[in-house]
Amino acid sequence: MKNKDKIAQAAFLLSLKYGFDNVSIKQIQEEANVTTGAIYYHFKDKNDILDYILKKYVFNEVKNFKNDLYSEKRSFYEKLEFIFYYFTKYNIKNNQNAIEILYENNIDFGQYYLMQLGIYHQHPEFRKLYDDSSKDILNLFNELIKEAIENKEIKKSTDIEELSIYIFTIFRGIIRLWSILIECSLDKLIETNINMIKKTLE
């Protein structure tokens, strides 16, 4: 593994365990088993490391999942279920860079999302990455609802924008609740919320 990736992996692992802001350059250097000079050769500063690990471990899959979504025929509700799973366990499992670190170090999936929440709130300079990702997902829900109306899966009178926001709120709630409550069943959360959406649209 190249030094740059060793440094990024070390920073990611330490951030999962302790939170990015609680990790020092010295800790990253020791975890990666490189010199401090090697760190500053590849990265300008600690925030530059954060930018790199976010793009490498968090956002590298987000924009590419639509091919998977449309890889087989799915109903509107099956597509929602797919999306809910994709951005929880499925997404992490398909991101080999992240999953290897999580599994090898016995780190819970929830910590992956709690780390992101901490970064979002403590580092406003990176919020655009998260906000752009959220807009992409909201637009996707909008597209799926339009398709469902055209396919007569849901009523033509459905307010597309309102339903998109409602589903997006549920989507975010599932991730946050699952991240915080270790004993919470992801399968049960998704099933319950899909049923709620169905009842709302009856």
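The values are calculated or read from the model by the stated rules, or taken from the named source; none is laboratory data. No experiment lies behind these values; they were computed from the predicted model shown. Positions of Cβ are backbone-derived with ideal geometry, glycine not excepted, and every protein chain shown enters the neighbour counts.
Things to note:
- Selection from region 135-159 of residues that are loosely packed, with under 15 Cβ neighbours inside 10 Å and either in a helix (DSSP H, G or I) or not assigned by TED's automatic domain parsing to the domain that holds THR192 (or both): LYS135, ASP136, ASN139, GLU143, LYS146, GLU147, GLU150
- If you go through region 3-57 and keep only what is part of a helix (DSSP H, G or I), β-branched (Val, Ile, Thr) and closer than 18 Å to GLN122 by Cβ, you end up with ILE25, ILE28, ILE49, ILE53.
- Single residue of region 58-110 satisfying the filter (small (Gly, Ala, Ser) and modelled with pLDDT of 65 or more) that is farthest from LEU144 (Cα to Cα): GLY110
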